[in-house]
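Chemist: Would you mind keeping the following structure in view while I ask a few things?
The values are calculated or read from the model by the stated rules, or taken from the named source; none is laboratory data. Nothing here was measured: the structure is a model prediction, and the numbers come from that model. Backbone-built Cβ (ideal geometry, glycine too); neighbour counts: all protein chains shown. SASA here: full protein model, heavy atoms, side chains in, ligands and nucleic acids out. Shrake-Rupley method; radii C 1.70, N 1.55, O 1.52, S 1.80 Å.
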Amino acid sequence: MDAMAQHAQTIIQISDTHLMEDANATFVEMCPEQSFHGVMQHIVAEHPEIEAIIHTGDVAQDATPVTYTRYLDYMQGLGIPFYQTPGNHDDLQLFPYPQSTPITVIDLKPWVVILLTSAVTGKIDGHIDQDQLDQLDQLLQQLNDRFVLIGCHHHPLHMQSDWIDHHRLKNSPDLCSVLRKYSQVKAVIHGHVHQEFSQIQDNIQFLAVPSTCVQFKPLSQDFALGHTDAPGYRVLELYNDGHIESQVYRLDHLIPKINNEISGY
């Protein structure tokens with residue numbers, strides 16, 4: 001493998017920060033702000049060369065201008081390019097879209113990252129509207145000489161966890177029918193599930209990341225929190241030959257003390 005093919009760009013995925021309007025407030029008996037800052041501090045300390053940080057949704061639990069402004073101020077202070085796409089807890093009218101549209105296109109030659117909006121106002125489950133799917137199809141036709149990473153909030157594939165699968169991306173077959181036409185699409189990253197996940201379908205990697213705050217118990221029929229699972233993030237190395245290497249990092253010192261009686265979020 002030549003030196004150019006071995007070169008990689010480092011992308012960080014975070015998700016489901018669930019930030020509150022009051023930075024000191026708790027969510028499911030932990031402080032999302034403190035956990036978020038702890039994760040970000042680890043990212044900056046451990047990964048000195050980052051091309052972009054991508055937040056795959058549920059930036060806010062209290063989706064107010066105060067919450068979003070504080071998030072933006074904090075991220076801008078890091079001096080690293082960052083992008084976010086909304087989740088079901090976000091307010092689509094207030095959400096800070098990076099490019100003021102439901103689709104965000106990030107040029108990282110030879111890669112392109114395309115963020116889609118799967119959140120729907122008033123719904124927990126996800127749906128990517130036809131306008132976005134048509135635009136995605138057109139973009140992928142144009143980007144036939146690039147490698148592509150797709151991002152959204154809701155999970156397209158089943159997690160084998162009944163309660164969260166009920167709230168997945170409802171028109172996942174429509175998205176997948178577009179993606180499978182284009183061999184340059186290498187991976188889809190998403191949040192929503194508050195746990196690590198990796199599966200390959202149609203030669204495309206589907207990757208989920210732990211939340212920066214509370215985690216969901218994997219393979220659970222009913223809602224359950226992962227009491228021993230730590231907050232975390234995913235590092236993706238995008239290589240110039242089109243392959244991806246990724247690793248999830250968890251921060252055990254941030255594991256919250258959770259009330260076992262909590263039955264939903």
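Chemist: So, in the range 152-177, exactly how many residues are within 16 Å of Ile204 (Cα to Cα), open to solvent by 40 Å² or more (accessible area, probe 1.4 Å), of a type outside the set (Asp, Glu) and modelled with pLDDT of 95 or more?
Modeler: So the count comes out to 2.
Condition check ((1) open to solvent by 20 Å² or more (accessible area, probe 1.4 Å); (2) assigned to a helix (DSSP H, G or I); (3) among the polar types (S, T, N, Q); (4) more than 25 Å from Arg250 (Cα to Cα)) across all residues:
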| residue | (1), (2), (3), (4) |
| --- | --- |
| Phe36 | no, yes, no, no |
| Ile43 | no, yes, no, no |
| Gly57 | no, no, no, no |
| Val66 | yes, yes, no, yes |
| Thr69 | yes, yes, yes, yes |
| Asp90 | no, no, no, no |
| Pro98 | yes, no, no, yes |
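Chemist: Considering only the range 100-110, state which residues are of a type outside the set (Ser, Thr, Tyr) and either open to solvent by 10 Å² or more (accessible area, probe 1.4 Å) or at pLDDT below 95 (or both).
Modeler: Scanning the range 100-110 gives Pro102, Val105, Asp107, Leu108, Lys109, Pro110.
Chemist: Looking only at the range 151-173, which residues are touching a residue at least 60 places away in the same chain (Cβ under 8 Å) and either in a helix (DSSP H, G or I) or under 15 Å from the mean Cα position of the chain (by Cα) (or both)?
Modeler: Gly151, Cys152, His153, His154, Asp162, Trp163 - these are the residues of the range 151-173 that are touching a residue at least 60 places away in the same chain (Cβ under 8 Å) and either in a helix (DSSP H, G or I) or under 15 Å from the mean Cα position of the chain (by Cα) (or both).
Chemist: Residues of the range 100-124 being free of Cβ contacts under 8 Å to residues at least 60 places away in the same chain and outside any loop (DSSP other than H, G, I, E, B), which ones?
Modeler: Thr104, Val105, Ile106, Asp107, Val112, Ile114
Chemist: Let me ask another. Against the definition (among the β-branched types (Val, Ile, Thr) and under 15 Å from the mean Cα position of the chain (by Cα)), how does Ile124 come out, yes or no? Before the answer, list the steps.
Modeler: Values: among the β-branched types (Val, Ile, Thr): yes; under 15 Å from the mean Cα position of the chain (by Cα): no.
No.
Chemist: Would you say Asp202 is touching a residue at least 24 places away in the same chain (Cβ under 8 Å), surrounded by fewer than 17 Cβ atoms within 10 Å (Cβ to Cβ) and over 15 Å from the mean Cα position of the chain (by Cα)? Steps first, answer last, please.
Modeler: Working: touching a residue at least 24 places away in the same chain (Cβ under 8 Å): yes; surrounded by fewer than 17 Cβ atoms within 10 Å (Cβ to Cβ): yes; over 15 Å from the mean Cα position of the chain (by Cα): yes.
Judged against the criteria, Asp202 is a match.
Chemist: Sort out which residues of the range 16-33 are part of a helix (DSSP H, G or I) and among the acidic types (Asp, Glu), and write them in order of number.
Modeler: Kept after step one, since they are part of a helix (DSSP H, G or I), are these residues of the range 16-33: 32-33.
The one that is part of a helix (DSSP H, G or I) and among the acidic types (Asp, Glu): Glu33.
Chemist: Oh, and also: Out of curiosity, is Met30 over 19 Å from the mean Cα position of the chain (by Cα), within 20 Å of Gly191 (Cβ to Cβ) and open to solvent by less than 20 Å² (accessible area, probe 1.4 Å)? Break it down stepwise before answering.
Modeler: Values: over 19 Å from the mean Cα position of the chain (by Cα): yes; within 20 Å of Gly191 (Cβ to Cβ): yes; open to solvent by less than 20 Å² (accessible area, probe 1.4 Å): yes.
Spelling it out, Met30 is indeed over 19 Å from the mean Cα position of the chain (by Cα), within 20 Å of Gly191 (Cβ to Cβ) and open to solvent by less than 20 Å² (accessible area, probe 1.4 Å).
Chemist: Which numbered condition in (1) in a strand (DSSP E or B); (2) surrounded by fewer than 18 Cβ atoms within 10 Å (Cβ to Cβ); (3) basic (Lys, Arg) is the only one that Lys186 fails?
Modeler: (2)
Chemist: Filter the range 125-142 down to the residues that are open to solvent by 70 Å² or more (accessible area, probe 1.4 Å) and either among the aromatic types (Phe, Trp, Tyr) or under 19 Å from Asp165 (Cα atoms) (or both) and list them by number.
Modeler: Passing the criteria: only His127.
Chemist: Hey, another quick one. Could you say which residue among Leu179, Leu149, Leu139, Leu169 is under 16 Å from Thr85 (Cβ atoms), touching a helix residue (DSSP H, G or I) at 6+ places or on another chain (Cβ under 9 Å) and of a type in the set (A, V, I, L, M)?
Modeler: Values: Leu179 fails: under 16 Å from Thr85 (Cβ atoms); Leu149 fails: touching a helix residue (DSSP H, G or I) at 6+ places or on another chain (Cβ under 9 Å); Leu139 fails: touching a helix residue (DSSP H, G or I) at 6+ places or on another chain (Cβ under 9 Å).
Going through Leu179, Leu149, Leu139, Leu169 in turn, the sole match is Leu169.
Chemist: Write out, first by first residue and then by second, each pair whose Cβ atoms fall under 6 Å of each other, whose residues are 6+ apart or on separate chains, and whose first residue, in the range 48-74, is within 25 Å of His190 (Cβ to Cβ) while the second is in a helix (DSSP H, G or I) and not charged (D, E, K, R).
Modeler: Val59/Tyr71; Ala60/Thr67
Chemist: If you take the residues of the range 111-124 that are of a type outside the set (Gly, Ala, Ser) and either surrounded by fewer than 18 Cβ atoms within 10 Å (Cβ to Cβ) or modelled with pLDDT under 95 (or both), which of them is nearest to Leu179 (Cα to Cα)? Give the steps one after another, and end with the answer.
Modeler: Of all residues in the range 111-124, those of a type outside the set (Gly, Ala, Ser) come to 111-117, 120-121, 123-124.
Subset that is either surrounded by fewer than 18 Cβ atoms within 10 Å (Cβ to Cβ) or modelled with pLDDT under 95 (or both): 120-121, 123-124.
Numbers: Val120: 21, Thr121: 25, Lys123: 24, Ile124: 24 Å.
Among residues in the range 111-124 that are of a type outside the set (Gly, Ala, Ser) and either surrounded by fewer than 18 Cβ atoms within 10 Å (Cβ to Cβ) or modelled with pLDDT under 95 (or both), the one nearest to Leu179 (Cα to Cα) is Val120.
Chemist: Could you check the range 225-265 and list, in sequence order, the residues that are more than 17 Å from Ser15 (Cβ to Cβ) and either surrounded by 18 or more Cβ atoms within 10 Å (Cβ to Cβ) or at pLDDT 95 or above (or both)?
Modeler: Step one: of the range 225-265, the residues more than 17 Å from Ser15 (Cβ to Cβ) are 227-228, 237-245, 252-253, 255, 257-264.
If the condition is that a residue be more than 17 Å from Ser15 (Cβ to Cβ) and either surrounded by 18 or more Cβ atoms within 10 Å (Cβ to Cβ) or at pLDDT 95 or above (or both), then Glu237, Leu238, Tyr239, Asn240, Asp241, Gly242, His243, Ile244, Glu245, Ile255 are the ones that fit.
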